[in-house]
Amino acid sequence: MKKPKSKQLKLQTRTSEVQEIELLEKWIEFGKPESGSNPLSLPPLPAKSPVGRIDEDTYSQYAGCTKFQQLPLSKNTKDGVRQSGFKNMTNIQRASLPHALCGRDILGAAKTGSGKTLAFIIPVLEKLYKARWGLEDGVGSIILSPTRELANQLFGVLKSVGKHHGFSAGLLIGGNEYDEEKDRVNRMNILICTPGRLLKHMDTTPNFDCSELQVLVLDEADRILDAGFKKEVNAIISQLPKYRQTMLFSATQTKSVKDLARLSLKDPEYIAVDEEAISATPSRLQQKVMLVPLDQKLDMLWSFIKAHLNSRILVFLSSCKQVRFVYEAFKKLRPGIPLKCLHGRMKQIKRTFILQQFVEQRSVLFSTDVSSRGLDFNKGVDWVVQVDCPDDVASYIHRVGRTARYDSAGRSVLFLLPSEMKMLERLQEKKIPVQFDKANTKRLQSVSGLLAALLAKYTDLQPLAQRAFKTYVKSIYKQKDKEVFDVTKLPIDDFSASLGLPMTPQLRYLDRKNIDKKVSGESNLVPEVPVKKDSIKLLREKPTNDLFEESEEEELDLLKSKEVADGEEGIAADHLLPTTRVLKKKKLKINVHRPVGTRVVFDEEGNTLPPLATLADLSATDSALLDKDKVMKRYAEMREDMKTRDQEDKLLDRQRRKEKRIKEKNKYKRARDEEEEDDDDDEDDDGFSNKDTKKSKVYFNSDSEDEDGRSKVALKTDAISLAEQEELALKLLSSMNS
Ligand SMILES: Nc1ncnc2c1ncn2[C@@H]1O[C@H](COP(=O)(O)OP(=O)(O)OP(=O)(O)O)[C@@H](O)[C@H]1O
């Protein structure tokens with residue numbers, strides 16, 4: 001809070017502000033870069049050259065300068081920038097700031113992690129300062145972000161760089177208290193928001209007025225302008241004044257004339273600083289692509305994590321359901337490094353907390369594309385692992401861009417299925433220097449069997465695995481780029497088994513006849529080993545260093561890992577013995593030639609007798625036993641008796657398991673309902689948003705896991721059949737006994 005100023009002091013400040021603004025305007029006017037020019041191509045200004053006014057009508061050059069202090073910026077901004085630790089400008093800042101400070105519309109494109117945020121935050125502050133914008137003037141600038149996390153991050157930068165200005169700023173994102181925002185929103189000068197929440201305020205908050213807006217910024221512009229946000233963005237733009245400055249930034253910029261027309265840009269400056277660069281990704285980023293069959297992705301991921309226990313790893317999967325399953329399952333297997341997960345269905349407070357934790361400690365974060373854009377993890381991400389193929393090249397660029405930011409190095413690896421190899425070509429065509437590698441599979445650790453055991457032990461995991469399976473296949477089915485994503489080439493059954501599922505869930509929308517049961521070349525990476533104690537032992541061995549070249553050695557300490565498993569119940573890998581089918585169902589064969597009668601029998605003196613000797617002895621004394629018919633009858637009775645008991649046992653067991661399953665499901669559903677929020681937001685980036693949430697709630701109650709809303713029926717059938725089954729069992733028993 002600023003101290004209340006005396007009247008005279010206020011007057012003085014105002015006068016000096018007016019003078020400063022006058023000087024800034026003259027300076028800007030004097031050194032305006034030519035429209036269409038690239039300030040980067042100008043020779044850099046000498047470090048010690050005079051800055052600002054030189055004489056009556058002469059000012060220093062600022063186009064081509066390399067330091068923030070050489071720009072025509074207010075003292076408040078300069079102080080904020082300096083105190084935030086920024087001195088020299090990055091290329092995108094050098095190229096765009098001179099144009100943006102003149103009030104021009106900007107279309108800025110530069111690699112991930114190259115400092116685009118300051119390239120629009122600074123002009124926003126300067127524009128409002130020069131317009132002498134005050135609290136009573138309302139909304140002067142809107143900065144749109146596609147995700148809440150990114151909006152939060154931008155808000156942090158704005159607070160830091162703009163701390164000496166007197167503007168009020170607000171963060172409007174889904175998941176925050178709407179009512180509480182409603183009271184404040186009319187008093188905000190700068191709004192950082194996600195499109196859905198902004199539109200909600202525009203539609204429902206009384207007196208919310210943006211008609212005086214000065215600057216509109218779209219961060220990750222191509223994402224905001226794509227089909228996912230189309231309706232919201234069109235509605236927002238229709239409520240904004242046409243006369244304003246507009247700035248669009250992204251690492252993968254839109255050049256679509258239609259998009260630009262929607263925003264009514266006026267002669268925008270297209271600033272693409274890396275267009276001539278050899279690569280479209282940061283130069284310090286090492287990128288690998290690996291061929292991994294679908295049914296071995298989790299083995300590969302597990303082995304990767306075990307080989308990099310000292311790293312901060314960001315793992316991308318294609319949907320919330322994938323994320324949840326892999327996170328829950330791996331957590332129970334305790335890899336020896338903390339695991340976290342992040343997806344659009346989590347409560348906002350938890351999302352923020354998890355990101356905070358990921359920034360602070362080495363860990364593995366399983367995430368959907370919700371964290372693929374814009375996020376800047378302070379201490380750096382060591383590895384970006386894309387387990388599921390990104391939708392397109394742009395999505396790849398943003399995902400890998402979470403590492404190797406600004407001047408730091410980073411590494412990334414992308415797992416591609418044999419059927420997705422077209423993506424490799426696409427990446428190479430777009431100047432992405434990837435190195436194609438075959439993983440050394442000698443010491444690949446298989447987890448499929450362990451997952452099967454986990455699914456049997458923790459019944460709540462099974463529905464997660466089923467959903468992960470279904471959502472993945474559906475996501476491939478729905479992909480537009482059929483050259484890369486071909487659902488008919490997926491080894492469906494092997495994939496299902498690799499998740500530990502006892503049988504392949506039904507996929508009603510797929511014609512299974514068209515899908516090869518065994519897709520050639522899909523399953524040769526790791527020999528299919530039924531998981532026995534031996535393979536479990538493998539998990540305790542040292543992390544494999546030759547699987548991924550640069551692995552950090554670390555002994556797995558299972559005792560220690562107890563502390564890192566997020567305080568939740570976990571079981572060490574070596575406590576697990578697969579209890580259900582492991583990798584392939586094997587028929588139990590009875591060897592009829594097996595020698596029998598190994599039981600040792602003693603006579604009264606303690607001498608051993610040959611097997612069945614007692615019976616032979618008895619038969620000698622009791623001629624009744626020699627009656628062949630009677631013996632046969634007796635055997636038949638015994639067989640019947642055993643059959644009946646077997647039926648009884650089976651029925652009882654089936655009932656017990658069913659009841660347990662229903663109980664577990666209800667319990668799980670309650671927990672899940674608490675976790676899922678009835679979100680009003682805009683930005684679940686997981687591909688299957690609200691509609692899917694509603695569906696999945698229904699799925700959860702169902703045994704059949706049907707994709708087209710049949711689950712309720714299935715549930716009902718289940719409930720009836722339980723009572724009916726008892727009756728049926730009794731009938732069956734009595735009919736067998738009679
Ligand atoms: N001039 C600068 N000097 C030093 N560090 C900078 C400078 N500008 C930005 N940075 C730092 O570089 C990192 C990346 O910046 P920023 O998040 O703005 O990148 P970006 O280009 O927006 O990335 P993305 O495309 O992923 O959104 C941040 O940690 C930021 O603090």
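Conditions (1) part of a loop (DSSP other than H, G, I, E, B); (2) of a type in the set (Ser, Thr, Tyr); (3) at pLDDT 90 or above; (4) more than 20 Å from ASP274 (Cα to Cα), marked per residue:
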| residue | (1), (2), (3), (4) |
| --- | --- |
| MET1 | yes, no, no, yes |
| PRO33 | yes, no, yes, no |
| SER37 | yes, yes, yes, no |
| TYR62 | yes, yes, yes, yes |
| GLY85 | yes, no, yes, yes |
| PRO98 | no, no, yes, no |
(request) Would you check which residues across region 158-167 are open to solvent by 10 Å² or more (accessible area, probe 1.4 Å), assigned to a helix (DSSP H, G or I) and in contact (Cβ under 8 Å) with a residue 60 or more places away in the chain and list them? (result) SER160
(request) Identify all residues within region 372-404 that are more than 25 Å from GLU425 (Cα to Cα) and within 12 Å of the ligand (Cβ to nearest atom); write none if there are none. (result) GLY374, LEU375, ASP376, PHE377, ASN378, LYS379, GLY380, VAL381
(request) Mind listing just one residue for me: the one in region 111-126 that is outside any helix (DSSP H, G or I) and within 6 Å of the ligand (Cβ to nearest atom) and, of those, farthest from SER283 (Cα to Cα)? (result) GLY115
(request) Restrict the check to region 232-242 and report whether at least one residue is of a type in the set (Asp, Glu), away from the ligand (no atom under 16 Å from the Cβ), on the phi < 0 side of the Ramachandran plot and open to solvent by less than 10 Å² (accessible area, probe 1.4 Å). (result) no
(request) Filter the strands (runs of 3 or more DSSP E) completely within region 302-419 down to those with at least 1 residues that are of a type in the set (Val, Ile, Thr), over 28 Å from THR254 (Cα atoms) and in contact (Cβ under 8 Å) with a residue 12 or more places away in the chain. (result) 313-316, 364-367
(request) Kindly provide the set of residues from region 243-279 that are open to solvent by less than 20 Å² (accessible area, probe 1.4 Å) and touching a strand residue (DSSP E or B) at 6+ places or on another chain (Cβ under 7 Å), ordered by number. (result) ARG244, GLN245, THR246, MET247, LEU248, PHE249, SER250, LEU263, GLU269, ILE271
(message) I'd like the residue in region 87-96 that is in a helix (DSSP H, G or I) and within 12 Å of the ligand (Cβ to nearest atom) and, out of all such residues, is nearest to the chain's Cα centre (by Cα).
(response) ILE92
(message) Going by what's in this entry, would ARG104 be described as modelled with pLDDT of 90 or more, away from the ligand (no atom under 16 Å from the Cβ) and under 39 Å from the mean Cα position of the chain (by Cα)?
(response) yes
(message) Between SER74, SER84, which is in contact (Cβ under 8 Å) with a residue 40 or more places away in the chain, in contact with a Phe, Trp or Tyr (Cβ under 6 Å, 6 or more places away or on another chain) and either among the hydroxyl-bearing types (Ser, Thr, Tyr) or within 14 Å of the ligand (Cβ to nearest atom) (or both)?
(response) SER74
(message) Tell me the residue from LEU265, LEU260, LEU248, LEU240 that is part of a strand (DSSP E or B) and in contact with a Leu (Cβ under 8 Å, 6 or more places away or on another chain), please.
(response) LEU248
(request) Test each condition in (1) touching a strand residue (DSSP E or B) at 6+ places or on another chain (Cβ under 9 Å); (2) within 15 Å of the ligand (Cβ to nearest atom) for GLN153 and report the one that comes out false. (result) (1)
(request) Kindly indicate whether MET346 is buried (at least 16 other Cβ atoms within 10 Å of the Cβ), modelled with pLDDT under 95, under 29 Å from VAL473 (Cβ atoms) and hydrophobic (A, V, I, L, M, F, W, C). (result) yes
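The values are calculated or read from the model by the stated rules, or taken from the named source; none is laboratory data. Owing to the predicted nature of the structure, the values given are computational and were not obtained by experimental measurement. Note that we place each Cβ from the backbone using ideal geometry, even for glycine, and neighbour counts take in every protein chain shown. Each accessible area value is taken on the protein alone, full model and side chains, heavy atoms only, with ligands, DNA and RNA left out. Shrake-Rupley method; radii C 1.70, N 1.55, O 1.52, S 1.80 Å.
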